[in-house]
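I have placed the structure first, in the form of structure tokens, so that the comments after it can refer back to it.
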Amino acid sequence: MLRIAIQTKGRLNEDTMSLLSETGIKLESAKRLLLLPAKNFPVEVLFLRDDDIPQSVADGVADVGIVGENEFAEKQKDARIVKRLGFSKCRLSLAMPKEQEYPGVGWFEGKVIATSYPRILTEYLTSKNIQAHIHVITGSVEIAPGIGLADAIFDIVSSGSTLITNHLKEVETVMKSEAVLIANNDLSTEKSEILDEFLFRVEAVQVAEDKKYVLMNVPTANIDRIVEIIPGMRSPTVMPLAKNGWSSLHAVISEKGFWDIIGKLKNLGAEGILVVPIEKMIL
């Protein structure tokens, strides 16, 4: 049985639970439980505060954990990143009162900066040869300048709306973060095999995220030119239609540049184009 530590609540919890669902892992229905076993896969989920997850994985309380890269970098525990998950993206940034002019990073010299991430901030300031006073607080870091507790803040920024509400402006991005899967360094062979299967499922979900399955009718004479536009995973599937001179072509395409591709296909005579979302893709 592989034990996965995840955040108790919040956006990261929601994104993680969605990932587990997409990988076909069904949890027992229960509320207010610290530990939930899966019905159909040899894992159990341990719900923890996000800042407790790195320590729990390092100590072997949990075998693996899904946590923000920023928390993992701040705690610097003895565990390893095995997979970047691509969701719950944010950044760690320095912010200051918006009415003040920002001449550059030297502005922070001698200033008091409020943060929940003193280790990351210290490393950044050291790299810039800046001497500042770091005031460590947990929660509601953004209110510190407004109540006279600090001159600036160093905190997580997602949309930036919280900064605007508190009359702050983002001036330096120090670190970009996303959810990562971390693992204990001493997993048993059995648990490593379960982790490998879990990673296989995660990758199948990730690969399918920006892909579409496209079916269309095309003039047979234009197939070679169409294949140059949409080469597919290995090559498109082409089947002759009952109508002479026409074929059905099926391919997987990336969502990036999707409408440009569709426009080119129509110019080459493609019609009856059907676009289907892909839930999972096994490479």
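Of G68, G86, G60, all but one fail to be farther than 21 Å from S18 by Cβ and touching a residue at least 40 places away in the same chain (Cβ under 8 Å); the exception is G60. Confirm whether K98 is basic (K, R) and surrounded by 18 or more Cβ atoms within 10 Å (Cβ to Cβ). It is false that K98 is basic (K, R) and surrounded by 18 or more Cβ atoms within 10 Å (Cβ to Cβ).
Before we move on, is A114 touching a Pro at 6+ places or on another chain (Cβ under 8 Å), closer than 26 Å to D196 by Cβ and buried (at least 21 other Cβ atoms within 10 Å of the Cβ)?
On the way: touching a Pro at 6+ places or on another chain (Cβ under 8 Å): yes; closer than 26 Å to D196 by Cβ: no; buried (at least 21 other Cβ atoms within 10 Å of the Cβ): yes.
Spelling it out, it is not the case that A114 is touching a Pro at 6+ places or on another chain (Cβ under 8 Å), closer than 26 Å to D196 by Cβ and buried (at least 21 other Cβ atoms within 10 Å of the Cβ).
Of the residues making up the range 36-57, those that are more than 16 Å from T23 (Cβ to Cβ) and not small (G, A, S) are L46, F47, L48, R49, D50, D51, D52, I53, P54, Q55, V57.
The number of residues in the range 144-161 that are surrounded by fewer than 19 Cβ atoms within 10 Å (Cβ to Cβ) and either farther than 28 Å from F87 by Cβ or not assigned by TED's automatic domain parsing to the domain that holds A114 (or both) comes to 4.
Determine, yes or no, whether L215 is in contact (Cβ under 8 Å) with a residue 60 or more places away in the chain, farther than 30 Å from I143 by Cα, aliphatic (A, V, I, L, M) and not assigned by TED's automatic domain parsing to the domain that holds L46. Answer is yes for this residue. Please determine whether any residue of the range 23-45 is crowded, with 16+ Cβ neighbours inside 10 Å, more than 24 Å from A204 (Cβ to Cβ), among the hydroxyl-bearing types (S, T, Y) and touching a residue at least 12 places away in the same chain (Cβ under 8 Å). No: zero hits. When the range 70-126 is limited to residues that are among the hydrophobic types (A, V, I, L, M, F, W, C) and touching a His at 6+ places or on another chain (Cβ under 6 Å), the one that is farthest from T165 (Cα to Cα) turns out to be V112. Quick check: anything in the range 179-202 part of a strand (DSSP E or B), in contact (Cβ under 8 Å) with a residue 12 or more places away in the chain and of a type outside the set (A, V, I, L, M)? The answer is yes; a qualifying residue exists.
Only a single criterion out of (1) farther than 25 Å from E209 by Cα; (2) part of a strand (DSSP E or B); (3) out of contact with any Ser or Thr (no Cβ under 8 Å at 6 or more places or on another chain) is not satisfied by G269, namely (2). For the range 129-143, a tally of residues being over 21 Å from D50 (Cβ atoms) and surrounded by fewer than 15 Cβ atoms within 10 Å (Cβ to Cβ) returns 3. The set of residues in the range 1-22 being assigned to a loop (DSSP other than H, G, I, E, B) and in contact (Cβ under 8 Å) with a residue 40 or more places away in the chain consists of M1, T8, G10.
Name the residue that is nearest to I262 (Cα to Cα), counting only residues in the range 203-234 that are outside any helix (DSSP H, G or I) and acidic (D, E). Restricting to residues being outside any helix (DSSP H, G or I) and acidic (D, E), the top hit is D210. When the residues of the range 162-186 are filtered to those that are surrounded by fewer than 18 Cβ atoms within 10 Å (Cβ to Cβ) and over 30 Å from Y102 (Cα atoms), the one that is farthest from the chain's Cα centre (by Cα) is D186. Scanning the range 235-252 for residues that are assigned to a loop (DSSP other than H, G, I, E, B) and among the aliphatic types (A, V, I, L, M) turns up L241, A242.
Kindly indicate whether any position in the range 57-74 is surrounded by fewer than 21 Cβ atoms within 10 Å (Cβ to Cβ), under 18 Å from L199 (Cα atoms) and not assigned by TED's automatic domain parsing to the domain that holds Y124. Checked the range 57-74: no residue is surrounded by fewer than 21 Cβ atoms within 10 Å (Cβ to Cβ), under 18 Å from L199 (Cα atoms) and not assigned by TED's automatic domain parsing to the domain that holds Y124.
Scanning the range 134-170 for residues that are of a type in the set (G, A, S), more than 24 Å from K89 (Cβ to Cβ) and outside any helix (DSSP H, G or I) gives A144, G148, A150.
The values are calculated or read from the model by the stated rules, or taken from the named source; none is laboratory data. In this text, all values refer to a predicted model and were calculated from it rather than measured experimentally. Every residue, glycine among them, receives a Cβ derived from its backbone with ideal geometry; neighbour counts consider all protein chains shown.
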